[in-house]
1. Using the alpha-carbon atoms, what tilt in degrees (0 to 90, nearest 10) does helix 247-257 show relative to the longest principal axis of the chain?
2. For a test of the definition: using alpha carbon positions, the gyration tensor, and the 1.5 limit on a/c, classify region 301-418 as rounded, prolate or oblate.
3. Hey, how many Å between the Cα centroid of region 283-324 and the Cα centroid of region 75-110?
4. Using a basic spin-label model with each label point 7 Å from the Cα along Cα→Cβ, how many nm lie between residue 81 and residue 542?
5. Considering only protein heavy atoms and a 1.4 Å probe, what is the carbon-and-sulfur percentage of the accessible area of region 168-222?
6. What does the C-alpha gyration tensor say about the overall shape of region 233-354? Classify as rounded when a/c is under 1.5, otherwise prolate if a/b is larger than b/c, or oblate.
7. Using all alpha carbons of region 338-390, what is the percent of pairwise distances in each 5 Å bin, ordered from the shortest bin to the longest?
8. Using the 2.2 N^0.38 Å rule of thumb for compact globular proteins, work out how region 384-428 stacks up: its C-alpha Rg over that value, please.
Amino acid sequence: MHTPHLTQRRKILKALSAAPLLPLGGMGALFNQNTAHAAPALSSIGEFVSATFKGMGAPNLDNPAKMAINHVASKLTVKYSTGHAQTYNLGYESFFLTGDLVPDGKGGKTLAGGNYNIKNQPIMDRSVSGKERQLFSDAPDGTSLLTLPNAKVNGVKGKPVFAVVQFEYVTRDLANADNYGKVPSPIAVLTLDQDPKTGKLSLVKYHNVDTSKVQGLWITCGSSLSPWGTHLSSEEYEPDAFNSDDKQLKAFSKNLFGDESTAKAYHYGHLPEVVVNPDGTGTIKKHYCLGRISHELIQMMPDERTALMGDDATNGGLFMFIADKARDLSAGNLYVAKVGAGSSVDPTAVPTPITWIHLGHATSDEIKKMANTLKPTDIMDVRKEDPLDATFTKVWLNGKANWIKVKSGMEKAAAFLETHRYAGLMGGSMAYTKMEGTTVNVRDKVAYSALSYIKDSMVKGGKGWYAGSGIALDKALNAGGVMALNLKGGQKDSSGKPIHSEWVAADTKALIVGEDLATPDALGNTAHADKLGNPDNLKFSEKLRTLFIGEDSGMHVNNFLWAYNVDTTELTRIMSVPSGAEATGLFVADNIHGYTYIMSNFQHAGDWEKIHSIVQPALDPIIRANYKDRYGAAVGYLTAQASSIKL
């Protein structure tokens, strides 16, 4: 039996604190009490050099069970400067399935993913007599992992780690009625107990965040962690304030407030921010000054002021917000991108230049006041048919033409509450389709944005396309792709005024794209299974030099999680989620107490579409058995299996 000397142990721990170690391996293995597997000395470990993923094949009907779970058969090899290497077999560990009863930190239990009204009372599903129950989400999405100084939560035996998880929607009720967007989105803080010896994370407390002070949350999709340690949420597909008969908003209002007329459209489509407290609770506020768009997830830059924002819509735009003060999103300037000619989905093409149009400056408080008091007709006149009046401007919204005229003195209200229409009026390139996750490679000053589908308003003659956008592709690429945007300082906006940031996107080009199939393959895939299919979540690991990409694909029978090394340009499949589900909640923590974590959830397993007709008969009973008759979904992370550690 041999234990390393305490001083040597501390040296090894210090070396490992900069190394990308996955949980359930790493330090615990280094201090194995068996002398036959004793840890190498510090000099034999060396400095971290690189990490390489070895991919897995796509599961198929040779083993249907693998198509019906979070299937992981990939590996990670870490190399050090001495030539020492360590290989991990990867696996998946879940904290819970939605619908599970989990500890509330008070000695009781609470429902994971449960939905609540404005009074923090459970929203009940009474659609089937005799089976009444609280509604819970099958759509966990954006996740952040973080630590706090002085954190103290009862039940934690190792080190406290916190996760913030948001739940986008409820697919259906017990009667299988569509509930998308009709139920307010819950958001929770998880207190996790990190085992210092293995890195394993265990749930000890689930805290449902009170959203009543922000009028509830609307379709929370992707998220990011701010540089100052807060969870930046999202509200996707903002309701159209000019649609007085919005049945989705009315149902949302009924479930949230008990009355279908209470919810105001202008309260949704903003950026919520969650602050985690040292006791494992959380508080939330909404920022009204980042534009009311289809927020998917934003990326804050290292200056802690500049935010690059995708816009998950047809006729969406690329937006930027620059805060007045670092770490404070309550006031700042909003911009929309104008894309130059020559857009391409060819990764070998030259970048297309981007300029920025200033839409306005505002504080969150002043826009919130407008949201509380203004009607849409106070802000602008909107026509759905050509009024044959030159004082109106034609813009495009969700694939349809609108003719608009801003009321006198209402430019600021239009910019921040009718952002899509106003950005089109001001000349922004409002022609992107489903611009989803955004992330940043700090070392290279490159941002990455996912275009889940490249079609419609991006393609000449497509739905919502217009020549003035500058985006004019010859044909659609339904499988989508990831764009790279070079970030620079010294930029000026379209009026010639300086943009006070060193992290402004100056151009854009395709980084990696999928491939549409002319005819479906043997499983029914309509996009090449060994290439991207409708990328959605994006997260970049500085340490691993890897862009992680999660799919939301209607073209792959199983959606995948990919690792793309930006230096080797190798694309590697590292996980497959259950058929009919999408991969969500992607988050990468390079170093939490010496361990690296890749967080990943999924939503709506077994959500069958035409593409699944070949696999559905075999997979449906397995998925129903695995995931609560298709009502449950997993929240968890990729892990290294301890048995694979060889030192």
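The values are calculated or read from the model by the stated rules, or taken from the named source; none is laboratory data. If you're wondering where the values come from, they're calculated on a predicted model, not measured in any experiment. Here the Cβ is made from the backbone with ideal geometry for all residues, glycine too, and neighbour counts use every protein chain on show. These area figures cover heavy atoms from the full protein model, side chains too; ligands, DNA and RNA do not enter into them. Shrake-Rupley method; radii C 1.70, N 1.55, O 1.52, S 1.80 Å.
1. 60
2. Verdict is oblate for region 301-418.
3. Computed from Cα coordinates, the inter-centre distance equals 30 Å.
4. 1.9
5. Taking all protein chains in place, region 168-222 shows 48 percent carbon and sulfur surface.
6. It comes out oblate by the Cα gyration axes.
7. 4, 12, 11, 12, 10, 14, 15, 11, 8, 2, 0
8. Scaled against compact globular proteins, the figure is 1.09.
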